[in-house]
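What follows is a short report on a single structure.
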Amino acid sequence: MTRAPLASDFPWRSPLSVRPPDYSVPELDILVEVEGELARRNAPTGYARLIEKATMTEAAAAGRIAALSAIRDDLMARTWMLRHNIAVASGITPPAEPKREGPNRTWDAKVAEIRTELNIKRGSLPKYAASPTNPMTEDAARRILECWDALHALYWVYFAGWSDSEEGRIAMIADREAARARGPEWRDQAGEGGAVDPGQDWAGMAHLARRLSSGAQVLDVVAPATLRRFHRTAANRVILALEASQKTQAGTELRAKLEAELIVAQLERWIGRLDRLWGPREPLNPMEIAA
């Protein structure tokens, strides 16, 4: 079965959340929450009961457990050094370097699993916290939702668990922006001199990334002037996002901040490295704007 493309407009924050979904939520807290969710799924009162009631198939249960297990393995690897250092400082035996306990899953499958669980929790936890007959407090619901918000940002924005090439990651970013640049939200964004549709620039970046991923040499497939134009389009996108954030609510401001960081950290660095292959030149400025 072909999975539908991941949407770019998935909500960043949950009801009740206070902390932004970035590194303000410690990854160790996220790991604890993911391990707790896995334990709940594997418990006799978890997915086994749903299967017994015929509200979930065995295949669906196995698939969701496998996807979350792969996410848990990613987090175990990411936090291993921190957990090792904490154990040493506490005078206890440090954990062994983790190994993946089961088969890995694609990055898309992991993001889809996070979003599925977030939708469930966003629909249920605020109701549980508001119910006088449910023992869950609002603070407890908030901590859970903040962990899942941060987990989603860790994958969707910072590409945790990415197993494809760097060029594959760049192509995905550029594809997102090509679709956005051609839509009404960014229709006023212009390329160099207004002569280039910015959607065409983003599509060009995605095409370039895929050609390089297939073995093409950068000096054979792109000119320096084209790289500079791509760079200005990316820099303009960051500035437009930040300007838009000043006119809208906090949730959109947070989205603009994360999108800007994604582009600067992922795409600008890639373009800069390609540009240096042409030899000593004036360095690219990450916030350069087209005149």
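The values are calculated or read from the model by the stated rules, or taken from the named source; none is laboratory data. Keep in mind that this is a model prediction, so the values were computed, not measured. Cβ placement follows ideal geometry from the backbone for every residue including glycine, while neighbour counts extend to all protein chains displayed. Just so you know, the surface numbers come from the protein's heavy atoms only, side chains and all, with ligands and any DNA or RNA stripped out. Shrake-Rupley method; radii C 1.70, N 1.55, O 1.52, S 1.80 Å.
Note on segment 24-41: residues that are surrounded by fewer than 16 Cβ atoms within 10 Å (Cβ to Cβ), more than 21 Å from residue 128 (Cβ to Cβ) and in contact (Cβ under 8 Å) with a residue 12 or more places away in the chain amount to 2.
Contact map, segment 257-269: residues that are free of Cβ contacts under 8 Å to residues at least 40 places away in the same chain and aliphatic (A, V, I, L, M) paired with residues that are open to solvent by less than 20 Å² (accessible area, probe 1.4 Å) and assigned to a helix (DSSP H, G or I), Cβ distance under 9 Å, separation 6+ or inter-chain. Pairs shown: 260/237; 260/238; 260/241; 260/245; 264/234; 264/235; 264/238.
Being part of a helix (DSSP H, G or I) and among the small types (Gly, Ala, Ser) is true for just one of 7, 54, 62. Which residue is that? Step by step, each of 7, 54, 62 is checked, and only 62 is part of a helix (DSSP H, G or I) and among the small types (Gly, Ala, Ser).
Only residues that are closer than 17 Å to residue 229 by Cβ and open to solvent by less than 70 Å² (accessible area, probe 1.4 Å): list them for segment 256-279, please. Across segment 256-279, the qualifying residues are 263, 267, 268, 270, 271, 272, 274, 275.
Taking the stated definitions as given, is residue 139 assigned to a helix (DSSP H, G or I), open to solvent by 40 Å² or more (accessible area, probe 1.4 Å) and at pLDDT 90 or above? Steps first, please.
Working: assigned to a helix (DSSP H, G or I): yes; open to solvent by 40 Å² or more (accessible area, probe 1.4 Å): yes; at pLDDT 90 or above: yes.
Answer is yes for this residue.
Looking at the structure I just gave you, is residue 252 surrounded by 15 or more Cβ atoms within 10 Å (Cβ to Cβ), at pLDDT below 75 and either out of contact with any Leu (no Cβ under 6 Å at 6 or more places or on another chain) or not charged (D, E, K, R) (or both)? So residue 252 fits the description; yes.
What residue, among those in segment 227-243 that are among the aliphatic types (A, V, I, L, M) and farther than 13 Å from residue 269 by Cα, is surrounded by the fewest Cβ atoms within 10 Å (Cβ to Cβ)?
At the first step, the residues of segment 227-243 found to be among the aliphatic types (A, V, I, L, M) are 227, 234-235, 238-242.
So of that shortlist, the ones also farther than 13 Å from residue 269 by Cα come out as 238-242.
On the way: 238: 21, 239: 13, 240: 18, 241: 22, 242: 15.
Checking each candidate, the answer is 239.
Filtering segment 71-99 to residues that are open to solvent by less than 60 Å² (accessible area, probe 1.4 Å) and out of contact with any helix residue (DSSP H, G or I) (no Cβ under 6 Å at 6 or more places or on another chain) leaves 73, 74, 76, 80, 83, 84, 87.
The residue pairs whose first member lies in segment 8-23 and is farther than 22 Å from residue 108 by Cβ, whose second member is open to solvent by less than 40 Å² (accessible area, probe 1.4 Å) and among the basic types (Lys, Arg), and whose beta carbons are closer than 7 Å, counting only pairs six or more residues apart or on different chains, are 15/122. Checking 140, 178, 89 one by one, the residue that is without any contact (Cβ under 8 Å) to a residue 40 or more places away in the chain, aliphatic (A, V, I, L, M) and over 23 Å from residue 25 (Cα atoms) is 178 and no other. Within segment 18-43, the residues that satisfy the criterion of being in a loop (DSSP other than H, G, I, E, B) and over 18 Å from the mean Cα position of the chain (by Cα) are 18, 43. With respect to residue 58, determine if the residue is loosely packed, with under 13 Cβ neighbours inside 10 Å and modelled with pLDDT of 95 or more. The answer is yes for residue 58. Say we look at segment 162-184 and pick out the residues that are under 22 Å from residue 214 (Cα atoms) and among the small types (Gly, Ala, Ser); which of these is most open to solvent (accessible area, probe 1.4 Å)? It comes out as 163.
I'd like to check something: does segment 150-158 contain any residue that is within 22 Å of residue 106 (Cα to Cα) and modelled with pLDDT under 90? Yes.
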